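Report on one structure; see the data block that follows.
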There are 2 protein chains.
Amino acid sequence: MSLGAEALAAGIAARQRSLVEGLKSWVEIPSISTEPARKADVQRSAEFLRDYALKCGMTTAEVWPTEGHPTVFAERLEDPSWPTVLVYGHHDVQPVDPIEEWEAAPFQPLERDGLLLGRGTADDKGHLLMHLETVRGILDTRGRLPINLKLIAEGEEEDGSDHFEATVRSHRERLRSDVAVISDTSMLAEDVPGLTVALRGMAYWEVRVRSSRTDLHSGVYGGAVLNPIAILADMLAGLHDARGRVQVPGFYDAVRELSAGERQELAQVPFDEGGFLSEVGAIAGGEAGYTLMERRTTRPTLEICGIWGGYQGEGAKTVIPARAAAKLSSRLVPDQGAAQITKLVGDHLRQAAPPGVEVEFELIHDGRWVETPTSHPAVDAAALAVASVWGRDPVFIREGGSIPPVATIADELQVPCVLFGVGLPGDHIHAPNERVVLRQLFRGMQALGLLWDAYSELGIDGLGVRPG
Amino acid sequence: MSLGAEALAAGIAARQRSLVEGLKSWVEIPSISTEPARKADVQRSAEFLRDYALKCGMTTAEVWPTEGHPTVFAERLEDPSWPTVLVYGHHDVQPVDPIEEWEAAPFQPLERDGLLLGRGTADDKGHLLMHLETVRGILDTRGRLPINLKLIAEGEEEDGSDHFEATVRSHRERLRSDVAVISDTSMLAEDVPGLTVALRGMAYWEVRVRSSRTDLHSGVYGGAVLNPIAILADMLAGLHDARGRVQVPGFYDAVRELSAGERQELAQVPFDEGGFLSEVGAIAGGEAGYTLMERRTTRPTLEICGIWGGYQGEGAKTVIPARAAAKLSSRLVPDQGAAQITKLVGDHLRQAAPPGVEVEFELIHDGRWVETPTSHPAVDAAALAVASVWGRDPVFIREGGSIPPVATIADELQVPCVLFGVGLPGDHIHAPNERVVLRQLFRGMQALGLLWDAYSELGIDGLGVRPG
């Protein structure tokens, strides 16, 4: 390591405690974007981030209002002849129910054994502060960045990113950049670094069934009328066959099957199936004929995310309810389209209902799948930076999750998207007891320090290969 | 009509407004027995009834504490050589959710077009005040009752009557009587009077499914692990076949099939199937091969009363939950036993779950079915009283609902049980917009005046036929 590199590493490492303390303060703001009552908290979260960006040396930081929750934009422009990197993350967080399963209060972050527990620590506030504290570390050491840096953090990623496309379109000039680095993904394990090269798309729906005008007494009407929960259960039971294959006609028609080579490559990714399951006490399931890794990253899914109807309280209420409903979601893979799948699933559910039953099927949100070419120099540089810090080449990960704004950035700004995230499978994102492994954030800071230097060396032209 | 009978009818009719006003006051007390937060309200309801009983001329009225909610006991003993009638009802009410479907606040009773709307107006506070105001009317006219009257009103009928058996056993001497009149049932229509001669029994359960330790991200785990909502949906979908027949092995084994004669008798009961369904906007369903009337009164059922799991809020949460659960209930018919059916249903559900999935199955409460011999003189007298007031012979109704305390009274006190209730199918009991048709209560008062005279004439010996 050169003297300059050593000094940079030390300067960045000096920001570790600041990152942890800053993250604790930010996590205390419950910026749940899906809950209308939290609107002011999401606004506060945006303002916190704006102020934090300025404190870390960004020269401009603004809260951009949207028709939903606000987006934060910050930038530090060093030299127009240098490459410009756009960092993407989000400052909103998931809801916290079931609240009773949290070991500690979700918005009172708890540091323990190298972990920080709390909603948003991993997804995605930790990632954003990893970027900003790296900026501070570089500036403290060298006084300037080797690139121009722009940062955009939306406030609705957990609520479908409904206004992100409009935001990007209306600020296209200010967001102009040469490469986007998205930090909202995970590696496979602490000692198995990775870079994500594919994301599944998504469509999220609500289906509502109604079979009478009012709730009915289960004694007076029981046995004589249709029960909407039973109808919904039948519908949902009919979504998969016994081998876990989705039974919606046409569901798999557009799926690009992996080649034998691609399957082999995926099989070589170090992945502890047993540990992956046992860490969360889950039981293997899904589509027969595919490995667990294939099922969770390269195959489309149709999952039930929520269900409700009738009496849910203590004790007994002898009722046949009027209505029942469920939340469903599909993870989509190339070349499935959300609109087409929405039509197929909706038709299938409606056809499964007996005559006279009201079925409403609503698309809540959707997002396209993304694939990034591993051959791009921006990805290559990121792989080198990760290898240098983790001491091991990263594996190229196909991610099971969806980040709809990544597709927006790729499409609207025409930049290559590098998916560099330091989360881990056990981070419990979207679940009780979310946490982040602090060492991952610290290593991530070091990797970013190297990556900005590498992008500086590549220059605008070297980064100028458009994604395939 | 004799002069005495005319005077009695007038004296009872004079109590009509008092009944309505008293009922309004009582309905304002939200005595929901299943909600722990309402405990004090159930106590207030008991005290209201005790005071009301004294005001109406009962000479003793007491609130009996139980390990759950209190029971009210009242009596007026005229002459030990006269027959003693025990009236049963309950002063607790059902929960009110979904609250948004009520036209008016459930505990702010609204009188409109001869109806009184509000939770508990029909089930069962109206019935109890019908009895007490009849007492007042008789006493105002004649100064004494022609029988000895005891009244017991429990506070947990809507919560499984868990402590009623213990209450009856520990007060067996004070409850000693010659006939019990239970007023918690319905007729078929305003112009089709009825007396109930059979009640279905019931078993009510909760089933809980768990397939992971924590909630999981539907992107990271989706397609690779079991989903508890899907498992529960499969379980519930497997409870019935396409013809509506319960698929739990052994479920029908103990069912006494109706004879051809019994089916014919039931077919002659005036019953407007179309109106029964259209009044509540329900759709006919259930077991093929039986009439709608047979299905709702003489056949056992297995209904889903509630379901929940995962995300139920606004928008989207991309989660595979750890758990899902449902409330189930069966209406049982002779000679099904709740314990046996509980075992069969529990075994069936457990066997439907894939290996490794945790299934908990809990009996919340149960109650035996009841049949009352139509040949008993106490029933006969009631039929005459009803015919005299409604101008038409009552039909003998097999009721689809369950009233577990009726079985307790029959078994513990060894008295014939006459099921005289004036509710109507459109009363929306256990549902939003519960109401009572006031004319039904007024006619019921007149019928009770006649009935007590008839029991007086029969005397203890005439009533002394034990139920078969």
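Every number in this text was worked out from the coordinates using simple rules, so none of it is lab data. Computed from a prediction, not measured in an experiment: that's the story for all the values here. Don't worry about glycine lacking a Cβ; one is built from the backbone with ideal geometry, like all the others, and counts go over all protein chains shown.
Structural remarks
- Between residue B:358 and residue A:108, the simple spin-label model (points 7 angstrom out along Cα→Cβ) gives 2.6 nm.
- Order of B:73, A:396 - criterion: other Cβ atoms within 10 Å of each residue's Cβ, fewest first: A:396, B:73
- For chain A, the longest principal axis of the alpha carbon atoms and the long axis of helix A:39-55 meet at an angle near 10°.
- Mean-position separation - Cα centroids, region B:385-414 and region B:319-355, in angstrom: 30
- For region A:271-311 versus region B:165-200, the gap between their alpha-carbon centres in whole angstrom: 53
- Contact order, relative form, for chain B: 25 percent (alpha carbon pairs under 8 Å, 6 or more residues apart, mean separation divided by residue count).
- Charge tally for residue A:185 (other residues, Cβ to Cβ under 13 Å; Lys, Arg +1; Asp, Glu -1): -4.
- Mean projected area in nm² (Cα convex hull; one quarter of hull surface) for region A:124-168: 3.8
- Between 0 and 90°, nearest 10: helix A:16-27 axis offset from chain A longest Cα axis: 30
- Separation of the residue B:5 and residue B:392 label points, Cα + 7 Å toward Cβ, nm: 2.1
- Counting only Cα atoms, the size of chain A along its three principal axes is 83, 49, 44 Å, in decreasing order.
- Entry note, region B:75-181: relative contact order of 49 percent, from Cα contacts under 8 Å with a spacing of 6+ residues.
- Between 0 and 90°, nearest 10: helix A:3-13 axis offset from chain A longest Cα axis: 40
- Length-normalised contact order of region A:231-327 in % [C-alpha pairs under 8 Å, at least 6 apart]: 26
- Compactness of the protein assembly as shown as Cα Rg over 2.2 N^0.38 Å, two decimals: 1.17
- Between this copy and the others, label points of residue A:414 are 9.7 nm apart in ascending order, each placed 7 angstrom from Cα in the Cβ direction.
- Cα Rg, Dmax, region B:1-134, angstrom units: 16.4, 54
- For region B:422-436, the residues whose backbone nitrogen is under 20 Å from a point 7 Å from the Cα of residue B:190, taken along Cα to Cβ, are B:422-429, B:433-436.
- Taken over region A:322-376, the alpha-carbon convex hull comes to 85 cubic angstrom per residue.
- From helices alone, the protein assembly as shown scores -10500 deg cm²/dmol at 222 nm; the rule is -39500 (n - 2.57) for each run of n ≥ 4 DSSP H residues, then divide by the residue total.
- Exam field: residue B:270 pseudo-label spacings to other copies (7 Å along Cα-Cβ), nanometres: 8.3
- Net charge of neighbours whose Cβ lies under 10 Å from the Cβ of residue B:289, counting Lys and Arg as +1 and Asp and Glu as -1: +2
- A point 7 Å from Cα along Cα→Cβ stands in for residue A:59, and the other copies hold the same point at 10.0 nm, listed in rising order.
- Pairwise Cα distances in region A:185-305 exceed 17 Å in 70 percent of cases.
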